[in-house]
Amino acid sequence: MTENGEIIETYSRIGVIGAGAWGTALAYAAAKAGRSVTLWAMEPDLVEQIRHSGENGLFLPGVRLPKSVVPTGDITTAAKADALLLVVPAQHLRTSLKSIEPHVAAGTPLALCAKGIERASGKLLPEILREEIPDCEPAILSGPSFAKDVARGLPTAVTIAARMDVALRLQASLGHATFRPYASDDVIGVALGGAAKNVYAIACGIVDGMGLGESARAALLARSFAELTRLGQALGAKPETLMGLSGLGDLVLTATSVSSRNFSFGRALGEGRTLAELDRPGHALAEGVETAPALVRRAKAEGIELPIAEAMAAVLDGSLPLGDAVLRLMSRPLRPE
């Protein structure tokens with residue numbers, strides 16, 4: 001039901017592809033909204049653990065999943081849902097789509113729930129989805145949210161974008177008292193905001209780790225949003241999307257919280273840790289590391305200058321020392337804001 005009292009038909013069966021922390025949290029949210037949920041995991045041991053204990057002890061320990069969440073290792077079973085939430089890392093999305101494409105009925109809503117840009121192509125996730133499964137109904141869910149908050153039932157608001165009638169159905173299917181999705185039809189704007197903020201969160205973390213002060217961090221955050229807005233305009237994103245939950249809201253959360261993997265990664269770099277230390281086995285790099293060069297590539301293709309993102313890409317590939325990156329940004333010509 002929407003705020004004006006209109007009854008919206010829901011998707012009764014939700015499939016979640018990916019049983020990491022965020023996928024598990026979204027399965028929890030969908031179940032709390034009254035849906036039947038199939039949660040697909042690649043690891044057989046994890047499927048068995050969730051089945052027997054009712055908990056994802058590997059990625060989201062301490063959260064008891066409702067009985068309406070059924071784990072499976074069979075992608076065919078998961079794909080038979082009325083709508084799918086795709087919660088796989090951005091750099092593996094294309095491969096995952098190829099594996100599920102034979103099992104997805106035409107017109108099934110596929111909601112992208114990861115954040116990033118494909119490094120090899122510079123394409124946003126909805127663009128990849130369109131290429132690989134052109135007869136699906138593309139959607140995307142993004143916004144200022146941490147898995148642990150959603151799974152603990154703490155108030156969280158996100159954006160879900162799709163063709164508006166589909167977005168409204170997904171909103172009705174997933175929303176409940178503490179999980180509030182706002183419907184939009186700006187798929188590209190939501191995708192860009194969710195991807196770019198990780199790059200700028202690393203930059204803000206670096207400023208914090210180097211001890212450059214809160215004034216510097218605030219300035220960097222504001223100029224980062226200006227960059228995001230410029231590229232968004234070039235790609236056709238709506239200004240209200242970039243000013244909303246999946247744009248400014250997600251940027252503020254990710255670029256200021258120690259719970260953010262990207263902010264914490266940047267702070268570690270600013271404190272003197274090396275990329276080699278942070279990239280050791282068993283410690284996945286923050287999403288912004290892969291996104292930075294892809295974001296810069298896409299911006300250059302659109303004729304858009306992103307000085308902060310460009311500096312971060314150079315820092316992360318080892319071609320620009322941190323101190324030089326700060327000098328580069330601070331020595332840029334002064335111009336009207």
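Structure notes:
- Ranking of 92, 176 by solvent-accessible surface, largest first: 92, 176 (1.4 Å probe, protein heavy atoms only, all chains present).
- Heavy-atom surface of region 134-195, accessible at 1.4 Å and reported per residue (Å²): 33 Å²
- Residue-wise HN-Hα couplings along region 262-276, as the Karplus relation 6.51 cos²θ - 1.76 cosθ + 1.60 with θ = phi - 60° gives them from phi, are 5, 4, 5, 4, x, 5, 4, 4, x, 7, x, 5, 9, 4, 4 Hz; Gly and Pro carry x.
- 1.4 Å probe accessible area per residue over region 1-81, in Å²: 50 Å²
- In this rough spin-label picture, where each label sits 7 Å from Cα along the Cβ direction, the residue 80-residue 103 distance is 1.1 nm.
- Rg over Rh for region 19-67 works out to 0.91, both radii taken from alpha-carbon positions and Rh defined as the Kirkwood radius.
- Binned Cα-Cα distances of region 199-274, short to long, each 5 Å bin given as a whole percent: 4, 18, 25, 23, 15, 10, 5, 1
- Amide H within-cut-off set for residue 42, under 5 Å, with H built and near neighbours excluded: 19
- Extension gain, residue 182 to residue 219: 0.36 nm times the residue separation minus the Cα-Cα distance gives 10.4 nm.
- Sulfur and carbon atoms: percent of accessible area, the chain [1.4 Å]: 55 percent
- One compactness figure for region 180-313 is 1.02, namely its Cα radius of gyration divided by 2.2 N^0.38 Å.
- Largest first and in whole Å, the equivalent-ellipsoid semi-axes of the chain read 33, 22, 18, each the square root of five times a Cα gyration tensor eigenvalue.
- Remark: the Cα gyration tensor places region 116-179 in the oblate category, a/c being 1.5 or greater and a/b not exceeding b/c.
- Backbone amide hydrogens, once placed in the peptide plane, bring residue 60 within less than 5 Å of nothing, excluding anything fewer than 5 places away on its chain.
- Divide the volume of the convex hull around the Cα atoms of region 13-105 by the residue count and you get 82 Å³ per residue.
- Environment charge of residue 60, counting only residues whose C-beta is closer than 11 Å and scoring Lys/Arg +1, Asp/Glu -1: +2
- Summing +1 for each Lys or Arg and -1 for each Asp or Glu among the other residues whose beta-carbon sits under 10 angstrom from that of residue 121 gives +2.
- Charge tally in the Cβ shell below 11 Å around residue 228, where Lys, Arg are +1 and Asp, Glu are -1, residue 228 excluded: +1
- Couplings for region 162-172, taken from phi via the Karplus curve 6.51 cos²θ - 1.76 cosθ + 1.60 with θ = phi - 60°, read 5, 3, 4, 5, 6, 4, 5, 5, 5, 4, 5 Hz in order; Gly and Pro are left as x.
- Here's how it looks for residue 158: its modeled amide H is under 5 Å from those of 180, 182, which are all 5 or more places away or on a different chain.
- Solvent-accessible heavy-atom area per residue, rounded to whole Å², over region 196-297 at 1.4 Å: 42 Å²
- Sorting the segments 124-130, 207-213 by their residues' average number of neighbouring beta-carbon atoms within 10 angstrom, most packed first, yields 124-130, 207-213.
- Separation of the alpha carbons by more than 28 angstrom is noted, of 197/238; 148/238; 197/300; 98/238, for 148/238; 98/238.
- Using the Karplus relation 6.51 cos²θ - 1.76 cosθ + 1.60 with θ = phi - 60°, the per-residue 3J(HN,Hα) values for region 217-223 come to 5, 5, 5, 5, 5, 5, 5 Hz, with x marking Gly and Pro.
- Centre-to-centre, using Cα atoms only, region 136-154 and region 95-115 are separated by 17 Å.
The values are calculated or read from the model by the stated rules, or taken from the named source; none is laboratory data. Keep in mind that this is a model prediction, so the values were computed, not measured. Every residue, glycine as well, gets a Cβ built from its backbone with ideal geometry; the counts of neighbours run over all protein chains shown. Remember, those area values only see protein heavy atoms, side chains included, never the ligands or the DNA or RNA. Shrake-Rupley method; radii C 1.70, N 1.55, O 1.52, S 1.80 Å.
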